[in-house]
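Scroll down for the structure; my scribbles are underneath it.
The values are calculated or read from the model by the stated rules, or taken from the named source; none is laboratory data. Just so we're clear, the structure is a prediction, and the values are computed from it rather than from any experiment. Cβ placement follows ideal geometry from the backbone for every residue including glycine, while neighbour counts extend to all protein chains displayed. Keep in mind that these areas ignore ligands, DNA and RNA; they rest on the heavy atoms of the full protein, side chains included. Shrake-Rupley method; radii C 1.70, N 1.55, O 1.52, S 1.80 Å.
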Amino acid sequence: MFDKLLPGRRDVLGLDIGSSALKLVEISDSPNGYALQHLSHLKLPRGVIVGGLLIEPSILTDKIKEIYKASGLRTKKVVTSLSGHTIIVKKATFPLSEEAELRELLHDEGEKYLPFDDIKEVDFDFQILGPSDIMPGHMDVMLAAAKKGIVASYSAAIENAGLKPIIMDVDSFALETMYEANYEFEENEIVVLLNIGASITNINVIKRGGSIFTRDFATAGNSITESIQRKLGVDFDEAEFLKIQASENSAPPPPPLLADEILEHAEGIVLEIERSVDYFRSTYSGEYIKKVFVGGGSARIPGLLPALTHRLNIEAEFMSPFRNIRADAKKYDSAFLEEMGPISALAVGLSLRREHDR
C-alpha cells in the first residue's frame, strides 16, 4: 500500500516482521508460474515489537541481518507490512472519480475520512473496490493509513540491515495477495482469511477476490500463553514452552497441561473471531460465507479448526500458500511445506508483490 518504488529487477523478498518471529520468503516468476526460491524463519526476542510498535530497532536490524545472511540470497529489495493499532484500514464511499482525482482529494481533505489531525503526518494509500451496491453514482474505496514515524521506524531498521524496503503493505491485504495466487474462486464467493499471530489476529473478509471487511485485534497467541501462566503459576517463557510443546504434539507435556486443554486457553481468540464474523454478517445482511482459511504462528492450536467450524458454522481449514507455487522437492519436501504453510502465508503474500504493483 505505502509504495516507495525503486528501479531495477522485479524479484523481491517478502519479510514478515511479527512480534515473535521473522519470516523470509523469495518467490520468482518463471514461464511455468511462480517458483519458491527461499523460505526461512527466525525467532525474535520478546519486547522488540510491542503492539505493532518497534521498541528495539537495533535488535530488529541485527535479526534481519542474521536471517538474510543465513539465506544466502542476493536480492535486497524488501516488501514488508504493518498491522494492528499502528495502521488504520477503513472502507469509505466516494462519488465516482478517477484515481488521480481521488488521491488529490485525500491529500487536501484526508482528515475528513481518516482519524488523524494532520494528514501531512500520515502515509496513506487506497484501493478502489468498484461501484457501490447501495449508492448509485458512487464507488467503494478501501483506505489504509499509518503515521509516517511508524513507517519510517521499520524502514530504517530494514535499511540499516543493508536491505531496501520498497513497499510497506498491510497484513490483511498481503493475505489477500496470497489467496488470489493460490485459490480459484467464483465471482461472488465470500471467504474469511484469518491470521493468528503472537500479538495480533487479522481478519480479512474477501469477495470477488478483494477485501470488503477487515479487523485486527490484540487477542492472539500471547493471550494463550498468559492464560497458561495464570493457571499454572509459571513465568511467560515456561508457559510458552508448554504451549508450543502441546501444539506440536511432541513429547507429552507435564500435567496439568494437556494438549486437549490448550483450546480452553484459546477461548478469547475464538470468541473475538466469532464476534467479528457475526458483526460482518449483520452488516452485510447475512451473506453466505463459503470457508474460513486459518494461518499464522498460532494457527495450529489443537482443536482450533473444529472449534471454529462449529462456532461459526463455516468450514475452517489451514491456509495453503504453496498450492500454485512450485518448489524444488530436494530443498523443500511436501511435508515441510505443509507444516510451514500456515506460518508462512503472510510472507508469501508479501513476496508475491512486485515493484510496479500498487
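Brief remarks on what is shown
- Electrostatic dipole magnitude of the stretch 253-345 [Cβ: Lys, Arg +1; Asp, Glu -1; Cα centre; debye, to 20]: 460 debye
- Pair-distance profile P(r), taking every C-alpha pair of the stretch 292-338, with 10 angstrom steps and integer %: 24, 42, 26, 8, 0
- Accessible area of residue 264 in the full protein assembly, 1.4 Å probe (Å², nearest 10): 120 Å²
- With semi-axes defined as the square roots of five times the eigenvalues of the C-alpha gyration tensor, the equivalent ellipsoid of the chain measures 31, 25, 21 Å, largest first.
- The magnitude of the dipole of the chain, with charges of +1 and -1 set on the Cβ of Lys/Arg and Asp/Glu and taken from the Cα centre, is near 900 debye.
- With all protein chains modelled, accessible area of residue 90 [1.4 Å, Å²]: 80 Å²
- Once C-alpha pairs closer than 8 Å and six or more residues apart are averaged by separation and normalised to the residue number of the stretch 25-82, the relative contact order reads 23 percent.
- Residues within the reach of a label modelled at residue 55 (point 7 angstrom out along Cα to beta-carbon, backbone nitrogen below 20 Å), restricted to the stretch 213-248, are 217-230, 234-241.
- One chain, two ends: residue 108 and residue 93. Fully extended at 0.36 nm per residue, the span grows by 3.7 nm beyond their Cα-Cα distance.
- Expressed in units of 2.2 N^0.38 Å, where N is the residue count, the Cα radius of gyration of the stretch 184-231 is 1.52.
- Whole-Å semi-axes of the ellipsoid equivalent to the stretch 133-245 (Cα gyration tensor, √5λ, descending): 33, 23, 14
- Sequence-separation-based contact order of the chain, relative, with Cα cut under 8 Å and 6+ spacing, percent: 21 percent
- Heavy atoms of residue 148: accessible area, 1.4 Å probe, square angstrom to 10: 80 Å²
- Mean projected area in nm² (Cα convex hull; one quarter of hull surface) for the stretch 1-103: 9.4 nm²
- Solvent-accessible surface ranking, highest first, for 26, 274 at 1.4 angstrom: 274, 26
- The residues of the chain expose, per residue, 46 Å² of accessible area to a 1.4 Å probe.
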